[in-house]
Structure formats: C-alpha cells, structure tokens
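The values are calculated or read from the model by the stated rules, or taken from the named source; none is laboratory data. If you're wondering where the values come from, they're calculated on a predicted model, not measured in any experiment. Cβ sites come from the backbone with ideal geometry, for glycine too, and all protein chains shown count toward neighbours. Please note that ligands, DNA and RNA were not included when accessible areas were found on the heavy atoms of the full protein model with its side chains. Shrake-Rupley method; radii C 1.70, N 1.55, O 1.52, S 1.80 Å.
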Amino acid sequence: GLNFIDLMVRQGNIDNPPKTPLVPGFECSGIVEALGDSVKGFEIGDRVMAFVNYNAWAEVVCTPVEFVYKIPDDMSFSEAAAFPMNFVTAYMMLFEVANLREGMSVLVHSAGGGVGQAVAQLCSTIPNVTVFGTASSFKHEAIKDSVTHLFDRNADYVQEVKRISTDGVDIVLDCLCGENTGKGLSLLKPLGTYILYGSSNMVTGETKSFFSFAKSWWQVEKVNPIKLYEENKVIAGFSLLNLLFKQNRGGLIKGVMDKLLNLYNSKKIKPMVDSLWALEEVKEAMQRIHDRGNIGKLILDVEKAPTPLMANDSTETSEAGEEE
C-alpha cells in the first residue's frame, strides 16, 4: 500500500527518519512463505495482510506475528494491501477517540483519498450520520454518493458547513494541518472532537516550496487550553504507526481489525483501489498522490510489469498512469 506518510518519509518530514539505505512502506499483503519457531495460528501458504515498520515495498517481507492478519476468502490481494492503514486509522479516530454515535456529523478533508473513503464508509454503518467532505472538484462525481455534503477543497468550506449546520459539526478529522487547524476548531460544536492525524500540507515538491511548508507550520494555531475549557472542545492527535511500533498497542489494533473484517464480510465496507503500479513506477505513483490525483488507494504490485513509456512521453509518466 502507498500512503501519504510515505511521501513524508521520502522528504524527511518525520521525526527520526531511519538511516539510508532503507526500503519504504508500512503495509502489504501476500502469501506466508516461512514462520518463526514459536508462531501459532498461521501456516505456510496462508493469504495474509500485515503492518510493517518500514520494508513493505519488497518481494519478501518479515514482520512480527502480532501485526499479521488473515485475508477473507473473497478479498483480493490489492484490496488487502489497501485495507489495514486506512480502515484502522478511520475506525480508531471515529469510534475510539471521537466516540461517533447516531445522529452526529463529521467533517473530513481529502474525502477522495484512502482514509477519507474509509471514514465515509464507516460513517454509513451508523444511522443518521452526516458527512461533510472536502476534495478536489474533479473527484466529486466519483465520490458524491459516499459523502452527504461535498465541497471543493479550495472553497471556503467553513461558511458552507455553517450554512448547512449553523452550530457546526461534532467531529473534525484533519490531515492537512496548517491554517486548517483554526478553521476546524471554529467549526466544532460544544463537546465536539477535533483530531489531527496527518500533515499533508507539510509535503513540499513541484507544487509546494519549502517556504509554503514553513508558512503552513507557522499558521498552526497556538491552542489555548483555557479556550478549550470555556468552549467545551476536545483536541486530539492520532498516529497509527506510533501506536503500533512505539507504544506497543498491537493487541488493541487486532481487536479493531477483527471488527473491521466482520464489517467487510457483511459487505458494509470495501476498500477502494485507485490503481496498481509496478515497483519500477513508484516515482509516478508517488507523484499521483502528491498531486492528489487518486480516488482511493494506490498499490505497488510486485508481479506487475512496468508499462512501456510512449515514444513522445517526455514527462516520464507511464501510459497506464495517465489512463488511470
């Protein structure tokens, strides 16, 4: 699975990045080839998906058994590689941190991405939940059925949300950081929860200079605890990778995965795969996420051959990448 955090790793925008050379990637699916001596519950040949603390983008991956889960019979390998990070993150934010219940409202940024689509699907499992989403306008047609109210990511969504719901929303899920922090907090109802789970505005590159990266951080509101107390608001952070690999909560995550696989088996949720890419095409795949071109998840497939470049293709973007 390809995630936005992988772009942040590539650019060094994370705490204590590992020393090079390193293999990126935090989730994968595949077939068990070998087992540790004391491993119970798995056999060679099992179809599995797993969290990995780096090294997922490889043909052979090794990870502790507590991070490995069996794939349901009717789930494909590409769906399985798209499942763990996005759905566990979405589930834990909605139900463990924000306590989503019937009749609540949720605002999610990047509603067309992997986490955004997982959030929308999980919200639909609870009666009368209103989902407000922001996304690039070209994605609206594809995702309009999964979100109650959809806004252009460049529009003034604060005014749009308040026009529909004058007192705001119960939950704000923010993967953008920067100036959106103040906007998100301003939209919270009393006893509402704002969760920061990423900072995609920190990713620099062709469309973002280092100065916009610095400006984005500069605009992060200094949150005043007294104001939170007066307004009855909750502000929270969520990092699945830290929970798994630094805070030893693999057992908690296993319980969440069991619930998610039950939802999948009862056809209530389904990972949305945007496109499959050969390992050699990782540069183009990352650019697609960087440019927010994807609807759902991008997958690196070790068995896929790279698509030949077109003779007149000077941009080094594969033909398949453009079509998808």
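Quick one: is VAL61 buried (at least 16 other Cβ atoms within 10 Å of the Cβ) and part of a helix (DSSP H, G or I)? No; evaluated as a whole, the condition is false for this residue.
Taking region 260-269 as the range and being within 28 Å of VAL172 (Cβ to Cβ) and either free of Cβ contacts under 8 Å to residues at least 60 places away in the same chain or touching a helix residue (DSSP H, G or I) at 6+ places or on another chain (Cβ under 7 Å) (or both) as the test, the residues that pass are LEU260, ASN262, ILE269. In region 39-48, the count of residues that are touching a helix residue (DSSP H, G or I) at 6+ places or on another chain (Cβ under 6 Å), under 22 Å from LEU243 (Cβ atoms), open to solvent by 30 Å² or more (accessible area, probe 1.4 Å) and not small (Gly, Ala, Ser) is zero. Residues that are in contact with a strand residue (DSSP E or B) (Cβ under 7 Å, 6 or more places away or on another chain), aromatic (Phe, Trp, Tyr), in the same structural domain as MET92 (by the TED database) and modelled with pLDDT of 90 or more occur at least once in region 220-241. Going by the conditions given, is GLU102 without any contact (Cβ under 8 Å) to a residue 60 or more places away in the chain, in contact with a Pro (Cβ under 6 Å, 6 or more places away or on another chain), more than 25 Å from VAL273 (Cβ to Cβ) and not β-branched (Val, Ile, Thr)? It is true that GLU102 is without any contact (Cβ under 8 Å) to a residue 60 or more places away in the chain, in contact with a Pro (Cβ under 6 Å, 6 or more places away or on another chain), more than 25 Å from VAL273 (Cβ to Cβ) and not β-branched (Val, Ile, Thr). The numbered conditions (1) within 18 Å of ASP258 (Cβ to Cβ); (2) in contact with a Pro (Cβ under 8 Å, 6 or more places away or on another chain) are all true for GLY41 except (2).
Just one of (1) without any contact (Cβ under 8 Å) to a residue 40 or more places away in the chain; (2) open to solvent by less than 30 Å² (accessible area, probe 1.4 Å) fails for ALA118. It is (1). Elements of the type helices (runs of 4 or more DSSP H) sitting completely within region 66-146 and holding at least 1 residues that are in the same structural domain as GLY36 (by the TED database) and more than 17 Å from the chain's Cα centre (by Cα): these cover 77-81. SER124 satisfies every condition listed in (1) open to solvent by 20 Å² or more (accessible area, probe 1.4 Å); (2) at pLDDT below 95 except (2).
Is it true that LEU35 is in a loop (DSSP other than H, G, I, E, B), surrounded by 14 or more Cβ atoms within 10 Å (Cβ to Cβ) and without any contact (Cβ under 8 Å) to a residue 40 or more places away in the chain? Here the answer is yes, as LEU35 does meet what is asked.
Looking at region 170-179, is at least one residue open to solvent by less than 10 Å² (accessible area, probe 1.4 Å) and either assigned to a helix (DSSP H, G or I) or β-branched (Val, Ile, Thr) (or both)? Yes, region 170-179 has at least one match. When region 247-282 is filtered for residues that are under 26 Å from GLU96 (Cβ atoms) and in a loop (DSSP other than H, G, I, E, B), the ones remaining, listed by number, are GLN247, ASN248, ARG249, SER266, LYS267, LYS268, ILE269, LYS270, PRO271, MET272. Checked against (1) of a type outside the set (A, V, I, L, M); (2) at pLDDT 95 or above; (3) closer than 21 Å to ASP291 by Cβ, GLU102 meets all criteria but (3).
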